[in-house]
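Notes to accompany the following structure.
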Amino acid sequence: MIDKTLPVLFLSHGSPMLPFEEIPARDFIAGLGARLPRPEAILCISAHWETPAPAVSTARAPETIHDFYGFPEALYRIAYKAPGAPALAERTQALLNAAGLPTSADPTRGLDHGAWNPLLLIYPDADIPVTQLSIQHPAGPGHHVALGRALKPLRKEGILILASGGAVHNLRQFGVDRETPADWATGFDDWLADRVAAQDTASLIEYRRLKPEGRQAHPRDEHFLPFFVALGAGEGETGRPIHRSFAHGSLSMASYAWGDIAPERARAA
């Protein structure tokens with residue numbers, strides 16, 4: 001029997017300008033669609049939707065939310081018109097409720113840039129239904145691992161679980177002209193890859209206590225919390241980095257996968 005289980009992905013989405021940037025991470029994300037089995041629908045967990053308790057969007061035609069300011073006009077003209085996935089939202093809500101994680105439905109929530117920014121590159125035709133699940137910042141990493149564990153059955157139902165945030169995300173240290181990332185940033189990035197390879201969920205949950213660079217890598221960890229949802233949904237499998245690079249000095253663009261994806265195609269010289 002062929003195993004049709006879809007992988008789980010965590011992508012670092014970086015700046016809202018990602019679709020226009022000439023950086024390695026953009027090229028990597030733009031090539032992902034060709035490496036993945038085509039999903040029935042996508043559940044996106046973005047760093048940019050926070051609610052007190054879990055919520056899912058049941059919007060049938062989610063709007064494109066431009067949740068940023070001060071960027072070029074071309075960015076605000078982008079509209080990612082993928083259909084919504086209300087049936088997936090209801091299934092997600094049922095799984096989380098059954099796991100003791102009460103979840104509500106939001107019929108109007110659109111797609112924020114943590115969702116449409118990478119999806120625009122992965123699936124530019126916008127023809128795969130997508131919904132979002134919110135994060136709960138005060139609840140911390142352990143809560144988000146529990147969310148992921150509850151959602152794991154979706155992977156055998158043709159659903160791509162896509163967590164979108166940042167492996168290192170410190171906007172206070174953001175420097176467009178900085179070519180070399182700081183030692184604290186690469187130190188945390190390396191530690192993260194090592195602990196994922198070791199399946200060391202316990203240490204990852206306690207990263208702020210165990211890794212001195214953790215608080216500098218994530219002064220506020222909303223961009224890291226989607227990672228823990230992916231970690232929970234991939235539990236029992238060895239995760240691995242599928243891309244590693246830095247942008248703007250303080251943003252790790254590292255991305256991780258649990259489960260199988262096709263090898264990256266060699267680029268023409």
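The values are calculated or read from the model by the stated rules, or taken from the named source; none is laboratory data. All figures in this text were calculated on a predicted structure; none of them were measured in a lab. Cβ coordinates were reconstructed from backbone atoms using ideal geometry, including for glycine residues, and neighbour counts include every protein chain displayed.
So, in the range 159-175, of the ones that are at pLDDT 85 or above and of a type in the set (S, T, N, Q), which residue ends up surrounded by the most Cβ atoms within 10 Å (Cβ to Cβ)? Top of the filtered list is 164.
Within the range 92-138, being crowded, with 16+ Cβ neighbours inside 10 Å, in a helix (DSSP H, G or I) and more than 17 Å from the chain's Cα centre (by Cα) holds for 93, 95, 96. Note on the range 218-269: among residues that are of a type in the set (Phe, Trp, Tyr) and under 24 Å from residue 17 (Cβ atoms), the one that is surrounded by the most Cβ atoms within 10 Å (Cβ to Cβ) is 227. Checking 152, 156 one by one, the residue that is assigned to a helix (DSSP H, G or I), modelled with pLDDT of 95 or more and surrounded by fewer than 16 Cβ atoms within 10 Å (Cβ to Cβ) is 156 and no other. None of 215, 208, 195 is at pLDDT 90 or above, touching an Asp or Glu at 6+ places or on another chain (Cβ under 8 Å) and surrounded by fewer than 22 Cβ atoms within 10 Å (Cβ to Cβ) except 208. Among the residues of the range 43-64, those identified as among the hydrophobic types (A, V, I, L, M, F, W, C) and either under 18 Å from residue 10 (Cβ atoms) or not in a strand (DSSP E or B) (or both) are 43, 44, 45, 47, 49, 53, 59, 61. I want to confirm something. Restricting to the range 67-85 and keeping residues that are free of Cβ contacts under 8 Å to residues at least 40 places away in the same chain and outside any loop (DSSP other than H, G, I, E, B), which single residue is farthest from the chain's Cα centre (by Cα)? Among those residues, the one meeting the criterion is 73. For the range 61-81, a residue qualifies if it is closer than 16 Å to residue 45 by Cβ and surrounded by 17 or more Cβ atoms within 10 Å (Cβ to Cβ), and the qualifying residues are 62, 65. Can you tell me which residue in the range 41-66 is nearest to residue 6 (Cα to Cα), limited to those that are more than 18 Å from the chain's Cα centre (by Cα) and of a type in the set (D, E, K, R)? This residue is 60.
Filtering 65, 135, 161 for residues that are among the aliphatic types (A, V, I, L, M), within 21 Å of residue 258 (Cα to Cα) and in contact with a His (Cβ under 9 Å, 6 or more places away or on another chain) leaves a single hit, 135.
Step by step: first the residues of the range 21-60, then only those that are β-branched (Val, Ile, Thr) and closer than 24 Å to residue 153 by Cα, then the one that is surrounded by the most Cβ atoms within 10 Å (Cβ to Cβ). Which residue is that? Looking at the filtered set, the residue picked out is 45.
When restricted to residues that are charged (D, E, K, R) and assigned to a loop (DSSP other than H, G, I, E, B), the range 205-252 contains 7. The requirement of being modelled with pLDDT under 95, surrounded by fewer than 21 Cβ atoms within 10 Å (Cβ to Cβ) and charged (D, E, K, R) is satisfied by residue 178. Within the range 218-269, the residues that satisfy the criterion of being touching an Asp or Glu at 6+ places or on another chain (Cβ under 9 Å) and of a type in the set (Phe, Trp, Tyr) are 246, 258.
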